[in-house]
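Comments concern the structure below.
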């Protein structure tokens, strides 16, 4: 099916906030029925997240304070691309090393993750990292996170119980679990 | 563990964009090491999403144009709360009926989903809806989406293949699949 009946087209585009992190736009668009509407959204470079799993089935996780929700939550390692052109796999290797110290010898792409397609164009490339070798982490001075491990089955349980509520972490834990069952 | 070593505290908070959809704030915060930093984020009421599964194992899905990414994507039914106080389950029942026409007699809470905790406080309550009865959908005049069905196993395959990349849909499909296996 062509799905032309669903498409919205830009009439005007205005940047309404230029931040350090957020680039907010407000666009006027024409709807499929000819009416107009406003679409507000964040323009994002893209990001990566990594579910690192050790040879004995432990997931490397992080506890991190997320200011918008004022909570310390459990997440897999993740980070923004340094530029729109950065290769996502290189970014994933960098983030894994910097945040956890681990280097992985096997990388499996787990697909894309869009966390808020209604108001952000952020696409996160998800990876499963295996054959891990431990090194030293290199956090920025102003970066604070605790690294810990948990058996994959326990991570699945915490996802199913709703204890783990970070979207990309839910997706990566359950995808990795599906994959591991098949291999 | 206390995790006080991770917490950031607000010094000032400024609303930098007041939109129809987005409410963007830029806060100055104090970091655990005493330095200061800027945190930019969207304040959101919260939302709901629903994975409706028919008695014969078909998932009710939608094809919807998402302007920020300029693509028509596959998603489960979802919507914002009408107000911060709206009961999420009532909102889920409303969204399911309006977008798909279906009414469900069994509702199972699948936990919370946070799609972009770094820059949005949006929390989505996820539900599995079963024992479905078909009715008439009631879209707003300016709302455009196609509803279709797909067997749950096929939805799992599309999630694993990366064809389905909408975050809440990945999470809900794999959570429902885990749950169904146990029942």
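Taken along the Cα-to-beta-carbon direction at a fixed 7 Å, the label points for residue A:136 and residue B:182 span 4.4 nm.
Counting, for every residue in B:148-161, the Cβ atoms of other protein chains within 10 Å of its Cβ and taking the mean gives 1.
Evaluating kT/(6 pi eta Rh) at 37 °C and 0.692 mPa s, with the Kirkwood radius of the range A:9-87 over Cα pairs in the Stokes-Einstein relation, gives 204 µm² s⁻¹. With label points defined 7 Å past Cα in the direction of Cβ, position residue A:36 shows copy-to-copy spacings of 4.1 nm, given to one decimal and shortest first.
Counting only alpha carbon atoms, the long axis of helix A:88-100 and the longest principal axis of chain A meet at about 50°. In chain A, Cα pairs under 8 Å separated by at least six residues give a relative contact order of 22 percent. Summarise the long-distance tail of P(r) for the range B:113-173 by giving the % of C-alpha pairs beyond 19 Å. Value for the range B:113-173: 52 percent of Cα pairs lie more than 19 Å apart. Note: the range B:1-40, Cα convex hull, 66 Å³ per residue. Be a star and scan the range A:101-115 for residues whose amide nitrogen sits under 20 Å from the point 7 Å along the Cα-to-Cβ vector of residue A:45. Only A:101, A:112-115 pass the distance filter.
Taking the label point 7 Å along Cα→Cβ, residue B:9 and its counterparts in the other copies are spaced 5.5 nm apart, in ascending order. Relative to the current alpha-carbon distance between residue B:87 and residue B:4, full extension at 0.36 nm per residue lengthens the span by 26.7 nm. Protection proxy ranking of B:81-93, A:130-142, by the mean of other Cβ atoms within 10 Å over each peptide's residues and highest first, is B:81-93, A:130-142. Projected onto planes of every orientation and averaged, the convex hull of the alpha-carbon atoms in chain A covers 13.3 nm².
Taking every residue in A:67-76 and counting other chain Cβ atoms within 10 Å of its Cβ, the average works out to 6.
For residue A:180, inter-copy separations between label points set 7 Å beyond Cα along the Cβ vector come to 2.3 nm, shortest first. Legend: mean number of C-beta atoms from other chains within 10 angstrom of residue C-beta atoms, peptide B:31-43, equals 4.
For residue B:20 and residue A:146, the FRET efficiency from 1/(1 + (r/R0)^6), where r spans their Cβ atoms and R0 equals 30 Å, is about 0.20. Among A:118, A:129, A:172, the largest mean-square fluctuation in a Gaussian network model of chain A, built with springs joining Cα atoms closer than 10 Å, belongs to A:118.
Does anyone have the angle between helix B:167-182 and the longest principal axis of chain B? Alpha-carbon axes, 0 to 90°, nearest 10? Taking the Cα atoms of chain B, the angle to B:167-182 is about 60 degrees.
The mean of 1/r over all pairs of different alpha-carbon atoms in the protein assembly as shown, once inverted, gives a Kirkwood hydrodynamic radius of 21.2 Å. Report the residue, chosen from B:35, B:105, B:125, that carries the largest GNM mean-square fluctuation when chain B is represented by alpha-carbon nodes joined by springs under 10 Å. Checking each option, the largest mean-square fluctuation is seen for B:35.
Quick note: the coordinates plus some simple rules give every number you see, no bench work behind them. Keep in mind it's a predicted model, so treat the numbers as computed, not measured. Note that we place each Cβ from the backbone using ideal geometry, even for glycine, and neighbour counts take in every protein chain shown.
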